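First comes the structure, then the notes that go with it.
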Amino acid sequence: MQRYDAIERGIQTRDVAALKEAIGNICYTCRDLSDGELERIIEDVRSEGIKLLDDGIVGKPTISSQKSTFTDDDFSRAVFELKRNFCRERIEDVKIIGESLYKSNPIKQERKELDTEIKKASSRVEDNRQKKSQSHQTKKNNLMPIVLVAVVIILILLVLRFV
């Protein structure tokens with residue numbers, strides 16, 4: 001399990017509102033919630049004797065109970081509602097929408113891996129450009145004293161010739 005400072009601080013201070021906010025934000029780290037991290041953290045908080053879960057839905061109904069196709073905005077709204085009303089129904093709502101939108105399939109996974117490789121390659125190219133630029137600057141800086149010495153020697157020789 002990943003370690004989250006905000007969760008640990010919330011447990012230490014027993015700040016339920018801060019815990020709900022931090023746990024809600026964790027929904028964005030693995031949007032299809034397939035890693036089980038959300039449930040593990042909820043269980044860890046519960047095992048510390050902190051009542052995190054609300055008894056049921058308060059306010060608006062879940063998004064997944066009203067629609068069958070979803071957008072990124074629906075996911076964000078579901079997480080927002082979860083943070084305000086931290087109950088099992090809201091957790092399930094986020095899971096349903098997250099799985100629908102972000103569940104890995106081979107094509108999406110391949111595209112994600114390709115995007116990652118492209119970013120890494122771009123980063124390496126940029127690093128090489130910066131190194132070359134720095135190397136070019138260093139060569140210019142090393143050449144400057146040599147040029148100055150040569151100019152001074154030429155001036156001295158010209159002065160001595162006419163004296």
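The values are calculated or read from the model by the stated rules, or taken from the named source; none is laboratory data. Here the structure is a predicted model, which means the values were calculated and not measured. Heads up, the Cβs are rebuilt from the backbone with ideal geometry, glycines too, and the neighbour counts pull from every protein chain shown.
See the values below:
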{"quantity": "Candidates Leu82, Leu53, Leu114 - the one that is at pLDDT 75 or above and part of a helix (DSSP H, G or I)", "calculated": "Leu82"}
{"quantity": "Test: residue in region 42-53 that is of a type in the set (S, T, N, Q), in the same structural domain as Arg88 (by TED's automatic domain parsing) and over 20 Å from Tyr102 (Cβ atoms)", "calculated": "yes"}
{"quantity": "Residue count, region 1-33 (criterion: surrounded by fewer than 14 Cβ atoms within 10 Å (Cβ to Cβ) and part of a loop (DSSP other than H, G, I, E, B))", "calculated": "6"}
{"quantity": "Region 8-28, residues that are among the β-branched types (Val, Ile, Thr) and either free of Cβ contacts under 8 Å to residues at least 12 places away in the same chain or outside the structural domain of Ser76 (by TED's automatic domain parsing) (or both)", "calculated": "Thr13"}
{"quantity": "Test for Gly59: is it assigned by TED's automatic domain parsing to the domain that holds Ala17, farther than 15 Å from Glu21 by Cβ, in contact with a helix residue (DSSP H, G or I) (Cβ under 8 Å, 6 or more places away or on another chain) and among the small types (Gly, Ala, Ser)", "calculated": "yes"}
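Every residue, every condition in (1) loosely packed, with under 10 Cβ neighbours inside 10 Å; (2) at pLDDT 70 or above, yes or no:
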position: Lys108; (1), (2): no, no
position: Ser123; (1), (2): no, yes
position: Lys131; (1), (2): no, yes
position: Gln137; (1), (2): no, no
position: Asn141; (1), (2): yes, no
position: Leu148; (1), (2): no, yes
position: Leu160; (1), (2): yes, yes
